[in-house]
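First comes the structure, then the notes that go with it.
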Amino acid sequence: MKYLKSMTTQILIASVAGVVFGVAVGPWAANLKFVGDMFIRLIQMSMVPLVMCSVIVATGAMSGKGAGKLAGRTFGWIIGLSCVSALLAWGLSVLFKPGAGMVFQGKLDPGLKQQAGATSGWQETVLNFVSKNVVDAMSAGDMVPIIVFSLLFGAALNSYIAKTGRREVLTFFEQVQQVVLTMIRFVMKVAAIGIFCLLADLAGEVGFSVVTTALKYLGTTLLGVVILMVAFTLITVARTGVSLAKIPGKLAEQTVVAVTTTSSAVTFPTVLRSAVEKFGVSQRVANFTLSIGLTMGSYGAVLNYTIVVMFLAQAGGVHLSAGQVILGMVLAVLLNMGTITVPGGFPVVAMFLASALGLPYQAVGLLIAVDWFTGMFRTFLNVNGDTLVALLVAAGTDEIDRDVFDGKTRVSSQEIDPDQYQERFATADAAD
């Protein structure tokens, strides 16, 4: 009975039931579509204040702790490998077309269709990053100009706090953020009902191709994770000179924890201990790089989110221009860069991407239905990617104890205080 109270279990049951019901009753299931649409709208209406407050709070609260060469190397490797993840996701999506074969009637409502066709080149895409009127952008749900405005506002707020010490404005946005997050938690209590109705309508319209499309989506994501893990490992070996044969065994413990819990936060203590005790990374580098990586180093999430963009476009028959593809990859990276993390889990992220790029959202329910599996893939790459980045950063200042890595010497990692990482844990779980 306790197991049935889990939201994940409820969504899984609702997903299977929705597909079966939709296939069984056929087009009649379209009568349930309005319930699924209501669920989607409840998420959509929270996105503008949530994204705006999250960016302002993260940017406004930044301190100088991240300065220096250590931070530069950490951020450099994280951003570089995240960009590689986005590019690979785009390539695999073009090659395997995970969303192809699922065609909707009325692919886009008029507003979204107009937005989707508005960008014709990279110059216009860049120009549209800035709105002439942020209030207009907020009313239209145009996310990119909202993010740009919020970043500038947060940076100005950060400067103001540094000069005056007054934090009232920052506190206000922190409180609004928490209220909006509470709203989203309320909405997610009815997620199972919304997903059932969305998938029933989808299955009633396109039949069993719903299932085969989900398998193509999962297969594309899994292949991307495998390719990136191999590539990251080879890059690490080439840059650090450590033994390739020993890396899989040293990653085994944290991999088991990551895959079984699908949580980077739960796995973090194991990752920190392994980096020091098994890989020989200095405590200084491990503490800084892994704590930053916990929220920023979400390579599996970047891969997955880029595939989501391509999946929704292909499923809805929407042709994305080069500028829109680049924008989709940039958003996938920025969503995991700490300062632009959208809390609320995968449903909110998927809807954010659909809204920002003017894509049809009908297939989002299908993606949510199989998100437990993609969550496993994301966490596997997020966690192990962070460890490899710690090795790469440590190699820059010769802070890898080769004797520890080779098993000739034993060291003990410092215990962490979980209370210090609560916010990072929450953000990491949102990415997973």
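The values are calculated or read from the model by the stated rules, or taken from the named source; none is laboratory data. Fair warning: this is a prediction, and the values are worked out from it, not measured in the lab. No Cβ is skipped: glycine too gets one built from the backbone with ideal geometry, and neighbour counts run over all protein chains shown.
For the reader, a short list of remarks on this structure follows.
- Single condition residue 411 does not satisfy, out of (1) modelled with pLDDT under 85; (2) aliphatic (A, V, I, L, M); (3) surrounded by fewer than 24 Cβ atoms within 10 Å (Cβ to Cβ); (4) in a helix (DSSP H, G or I): (4)
- Residues that are of a type in the set (Gly, Ala, Ser) and either closer than 29 Å to residue 69 by Cβ or touching a Cys at 6+ places or on another chain (Cβ under 8 Å) (or both), drawn from segment 246-287: 264, 265, 274, 275, 280, 282, 286
- Flag for residue 131 being closer than 21 Å to residue 335 by Cα, hydroxyl-bearing (Ser, Thr, Tyr), crowded, with 16+ Cβ neighbours inside 10 Å and free of Cβ contacts under 8 Å to residues at least 60 places away in the same chain: yes
- Condition met for residue 285 (of a type in the set (A, V, I, L, M), more than 30 Å from residue 100 (Cβ to Cβ) and assigned to a helix (DSSP H, G or I)): yes
- Those residues of segment 359-400 which are modelled with pLDDT of 90 or more and of a type in the set (Ser, Thr, Tyr), in sequence order: 387
- Of the residues making up segment 297-316, those that are closer than 13 Å to residue 357 by Cα and of a type in the set (A, V, I, L, M) are 308, 309, 310, 312, 313.
- Of the residues making up segment 301-358, those that are modelled with pLDDT under 75 and either of a type in the set (A, V, I, L, M, F, W, C) or not in a helix (DSSP H, G or I) (or both) number 12.
- Test: residue in segment 282-290 that is crowded, with 24+ Cβ neighbours inside 10 Å and either out of contact with any Ser or Thr (no Cβ under 8 Å at 6 or more places or on another chain) or of a type in the set (Lys, Arg) (or both): no
- Filter result for residue 95 (assigned to a helix (DSSP H, G or I), at pLDDT 75 or above and more than 22 Å from residue 181 (Cα to Cα)): yes
- Pairs meeting the criteria (first residue in segment 277-304 and basic (Lys, Arg), second residue surrounded by fewer than 24 Cβ atoms within 10 Å (Cβ to Cβ) and modelled with pLDDT of 90 or more, beta carbons under 6 Å, at least 6 apart or on different chains) are 278/250.
- Looking across segment 216-240 at every residue that is without any contact (Cβ under 8 Å) to a residue 24 or more places away in the chain and farther than 21 Å from residue 367 by Cα, the one that is surrounded by the most Cβ atoms within 10 Å (Cβ to Cβ) is identified as 237.
- Checking residue 403 against (1) modelled with pLDDT of 80 or more; (2) within 18 Å of the chain's Cα centre (by Cα); (3) part of a helix (DSSP H, G or I), the condition it does not meet: (2)
- Qualifying residue in segment 66-76 (condition: assigned to a loop (DSSP other than H, G, I, E, B) and either surrounded by 22 or more Cβ atoms within 10 Å (Cβ to Cβ) or at pLDDT below 70 (or both)): yes
- Selection status of residue 242, β-branched (Val, Ile, Thr) and in a helix (DSSP H, G or I): no
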